[in-house]
Amino acid sequence: MISYEELVVALKKDKLPSKSVCITFDDGYLDNLEVAKPLLEKHGLPCLFFIATGYIGKVREFWWDELEQYFLCKHELPKNISIESGDSKIDFSLAPWDNLDKEKSIVLRSWNAAQDALNNPRLEAFLSCQKLLKTLDINERENCLNQLWEQCSEAPVCRQSYRAMHKEELIRFNASPLFTFGAHTVNHCALSRLPYKRMKQEIVASKNELGKIINENTVTFSYPFGFSENYGKDAVQVVDEAGFESAFSVNSCRVDRHSNIFEIPRFQVPDLSGDNFRKWLHSVYG
Ligand SMILES: [Zn+2]
């Protein structure tokens with residue numbers, strides 16, 4: 001298990017220890033502090049946390065969680081829902097899943113996006129909205145979310161287990177020498193979808209805001225929805241020019257001597273336990 005600093009030094013010197021692992025978490029959820037931190041400390045494991053600075057202390061959940069709250073958790077929704085963004089309007093018919101009984105609730109809550117095929121209109125609406133919102137900048141994205149809530153005459157709640165860390169929590173977290181913090185844009189937009197100026201602003205502002213909070217230079221960055229197509233070549237160059245020393249993608253391959261230090265690949269860890277996780281880890285190492 002190696003720390004961020006060890007990874008960067010090893011990459012620069014082309015001396016990566018074989019089968020080494022560097023752990024990272026993205027977004028800045030409170031559970032990083034409450035659940036991951038004690039476990040990592042218990043085992044003495046260094047870790048890197050990437051923070052979307054616009055969500056620090058925010059009373060709204062990350063937008064994808066808010067969509068989940070709306071489509072997968074709300075017991076009563078209108079039969080028909082629509083969203084307008086720019087020139088396009090999408091209509092959804094949620095019947096007969098507009099009202100959820102206990103059984104339907106369980107089906108939705110236990111849905112596994114990676115494994116289960118679509119089988120009802122709430123899931124279809126959820127995935128369509130997710131796809132649309134991922135392409136939007138912050139104002140238009142919030143406008144779409146607000147349209148949804150207006151149609152069900154309720155306001156979103158910020159569930160404790162879904163919220164991002166507050167400023168004070170981050171400062172307390174950063175006091176531990178095991179952990180390094182990096183930037184993850186301000187508003188968690190897909191950078192390749194933004195005009196150049198806005199893309200640059202998201203990168204530079206998150207570096208500055210995080211640096212101010214933790215009172216340190218922000219040296220590393222991770223791209224939201226970190227596959228190449230979601231950030232693009234221009235963003236890689238901007239990250240370099242902004243003064244970061246490294247950046248992380250989620251292009252699923254192992255880090256090696258050819259890895260670009262501004263696109264360090266990562267594997268997203270699936271939700272597995274025990275033996276299955278061990279098997280998964282072996283498959284990653286090949
Ligand atoms: Zn993220």
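The values are calculated or read from the model by the stated rules, or taken from the named source; none is laboratory data. Quick caveat: nothing in here was measured; it's all calculated off a predicted structure. Glycine also receives a Cβ, built like all others from the backbone with ideal geometry; neighbour counts cover every protein chain displayed.
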(message) When you check PHE262 against the structure, is it within 16 Å of the ligand (Cβ to nearest atom) and assigned by TED's automatic domain parsing to the domain that holds ILE171, yes or no?
(response) no
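What do you reckon, is SER82 closer than 30 Å to PHE248 by Cβ, outside any helix (DSSP H, G or I), away from the ligand (no atom under 16 Å from the Cβ) and not basic (Lys, Arg)? So that I can check it myself, show each step before the final result.
Values: closer than 30 Å to PHE248 by Cβ: no; outside any helix (DSSP H, G or I): yes; away from the ligand (no atom under 16 Å from the Cβ): yes; not basic (Lys, Arg): yes.
No: the conditions fail for SER82.
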(message) For segment 26-55, which positions are in a loop (DSSP other than H, G, I, E, B) and more than 14 Å from the ligand (Cβ to nearest atom)?
(response) HIS43, GLY44, LEU45, PRO46
(request) List every residue pair whose Cβ atoms sit under 9 Å apart, with the two residues 6 or more apart in sequence or on different chains, where the first one lies in segment 225-239 and is within 16 Å of ASP27 (Cβ to Cβ) and the second, anywhere, is within 12 Å of the ligand (Cβ to nearest atom) and outside any loop (DSSP other than H, G, I, E, B). (result) PHE225/LYS134; PHE225/LEU191; PHE225/TYR231; GLY226/ASP26; GLY226/PHE248; ASN230/LYS134; ASN230/LEU191; TYR231/LEU191
(message) Under 6 Å between Cβ atoms, which residue pairs at least 6 apart in sequence (or on different chains) link something in segment 12-29 that is under 30 Å from GLU61 (Cα atoms) with a partner that is within 10 Å of the ligand (Cβ to nearest atom) and modelled with pLDDT of 95 or more?
(response) ASP26/PHE50; ASP26/HIS184; ASP26/SER222; ASP27/ALA52; GLY28/ILE51; GLY28/ALA52
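Among the residues of segment 233-253, write down those that are among the hydrophobic types (A, V, I, L, M, F, W, C) and in contact with a Pro (Cβ under 6 Å, 6 or more places away or on another chain).
Going through segment 233-253, the residues among the hydrophobic types (A, V, I, L, M, F, W, C) turn out to be 235-236, 238-239, 242, 244, 247-248, 250, 253.
Of everything in segment 233-253, just one residue is among the hydrophobic types (A, V, I, L, M, F, W, C) and in contact with a Pro (Cβ under 6 Å, 6 or more places away or on another chain), namely CYS253.
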(request) Those residues that are within 14 Å of ILE261 (Cβ to Cβ) and either buried (at least 17 other Cβ atoms within 10 Å of the Cβ) or of a type in the set (A, V, I, L, M) (or both), I need them from segment 1-18; list them, please. (result) TYR4, LEU7, VAL8, VAL9, ALA10, LEU11, LEU16
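Kindly provide the set of residues from segment 57-75 that are assigned to a loop (DSSP other than H, G, I, E, B), within 14 Å of the ligand (Cβ to nearest atom) and either in contact with a Leu (Cβ under 8 Å, 6 or more places away or on another chain) or not hydrophobic (A, V, I, L, M, F, W, C) (or both), ordered by number.
GLU61
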